[in-house]
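> Shown below is the structure under consideration.
The values are calculated or read from the model by the stated rules, or taken from the named source; none is laboratory data. For clarity, every value in this text was computed on a predicted model and none was experimentally measured. Note that each Cβ is placed from the backbone with ideal geometry, even for glycine, and that neighbours are counted across all protein chains shown.
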Amino acid sequence: MSTANESVITTTAEMWDAVSDLPPSAKLIAKVLEYNGTLTQSELVERSRLSPRTTRQGTQKLEDAGVVESEISLADARQKLYSLKIEP
């Protein structure tokens with residue numbers, strides 16, 4: 001669901017500008033997604049070495065900033081897939 005505060009990120013520079021004011025954990029999650037592509041929360045926990053709670057909070061902050069999008073995994077509907085929202 002879109003909110004009035006959510007903006008469309010159109011360039012990599014705009015994406016990192018949106019991330020710059022977020023906590024370090026959210027920045028780390030964004031970098032992990034940049035290097036690894038689409039990941040589940042458990043994969044983010046494993047690769048970032050953050051706690052599950054910190055990972056949940058970080059992905060939520062990134063979604064609120066319009067940098068990350070989530071979708072339900074087709075392979076396992078109990079999991080969400082997280083990916084960066086960067087348009088060419």
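> Look at the range 35-47 and say how many of its residues are surrounded by 14 or more Cβ atoms within 10 Å (Cβ to Cβ) and either of a type in the set (A, V, I, L, M) or within 16 Å of residue 19 (Cβ to Cβ) (or both). Break it down stepwise before answering.
So in the range 35-47, the residues surrounded by 14 or more Cβ atoms within 10 Å (Cβ to Cβ) come out as 38-41, 43-45, 47.
Narrowing further to those that are either of a type in the set (A, V, I, L, M) or within 16 Å of residue 19 (Cβ to Cβ) (or both): 39, 44-45.
Going through the range 35-47 one residue at a time, the tally reaches 3.
> Within the range 14-28, take every residue that is of a type in the set (Gly, Ala, Ser) and out of contact with any Leu (no Cβ under 8 Å at 6 or more places or on another chain) and give me the one that is nearest to residue 60 (Cα to Cα). Give the derivation first.
Let us first name the residues in the range 14-28 that are of a type in the set (Gly, Ala, Ser), namely 18, 20, 25-26.
With the extra rule that they be out of contact with any Leu (no Cβ under 8 Å at 6 or more places or on another chain), the set shrinks to 18, 20.
Details: 18: 14, 20: 15 Å.
If we take residues in the range 14-28 being of a type in the set (Gly, Ala, Ser) and out of contact with any Leu (no Cβ under 8 Å at 6 or more places or on another chain), then 18 is nearest to residue 60 (Cα to Cα).
> From the residues in the range 60-88 that are touching a Leu at 6+ places or on another chain (Cβ under 7 Å) and among the polar types (S, T, N, Q), which one is nearest to residue 16 (Cα to Cα)?
Here the answer is 83.
> Let me spell it out: the conditions are (1) modelled with pLDDT of 90 or more; (2) surrounded by 11 or more Cβ atoms within 10 Å (Cβ to Cβ), and residue 75 meets all of them except one. Which number is the exception?
(2)
> While we're here: If residue 26 satisfies all but one of (1) small (Gly, Ala, Ser); (2) crowded, with 19+ Cβ neighbours inside 10 Å; (3) farther than 23 Å from residue 12 by Cα, what's the number of the condition it fails?
Going through (1) small (Gly, Ala, Ser); (2) crowded, with 19+ Cβ neighbours inside 10 Å; (3) farther than 23 Å from residue 12 by Cα one by one, residue 26 breaks only (3).
> Could you list all residues from the range 53-88 that are among the small types (Gly, Ala, Ser) and assigned to a helix (DSSP H, G or I)?
Applying the first criterion (among the small types (Gly, Ala, Ser)) to the range 53-88 yields 58, 65-66, 70, 73, 75, 77, 83.
Result: 58, single match.
> Taking the range 1-24, which residues are of a type in the set (Ser, Thr, Tyr), modelled with pLDDT under 85 and part of a loop (DSSP other than H, G, I, E, B)? Steps first, answer last, please.
Step one: of the range 1-24, the residues of a type in the set (Ser, Thr, Tyr) are 2-3, 7, 10-12, 20.
Among the residues that remain, those that are also modelled with pLDDT under 85 are: 2-3, 7, 10-12.
The answer is 2, 3, 7, 10, 11.
> Is the range 25-46 home to any residue that is among the basic types (Lys, Arg), at pLDDT 95 or above and in a helix (DSSP H, G or I)? Let's see the steps before the verdict.
We begin by selecting, within the range 25-46, every residue among the basic types (Lys, Arg); these are 27, 31.
Okay, now just the ones that are also at pLDDT 95 or above, so none.
For the range 25-46, residues among the basic types (Lys, Arg), at pLDDT 95 or above and in a helix (DSSP H, G or I): absent.
> Do we find that residue 50 is at negative phi, part of a loop (DSSP other than H, G, I, E, B) and either surrounded by 14 or more Cβ atoms within 10 Å (Cβ to Cβ) or within 9 Å of the chain's Cα centre (by Cα) (or both) in this structure?
Details: at negative phi: yes; part of a loop (DSSP other than H, G, I, E, B): yes; either surrounded by 14 or more Cβ atoms within 10 Å (Cβ to Cβ) or within 9 Å of the chain's Cα centre (by Cα) (or both): yes.
Yes: the conditions hold for residue 50.
> Of (1) under 13 Å from residue 83 (Cα atoms); (2) at pLDDT 95 or above, residue 56 satisfies all except one. Which?
Of (1) under 13 Å from residue 83 (Cα atoms); (2) at pLDDT 95 or above, only one is false for residue 56: (1).
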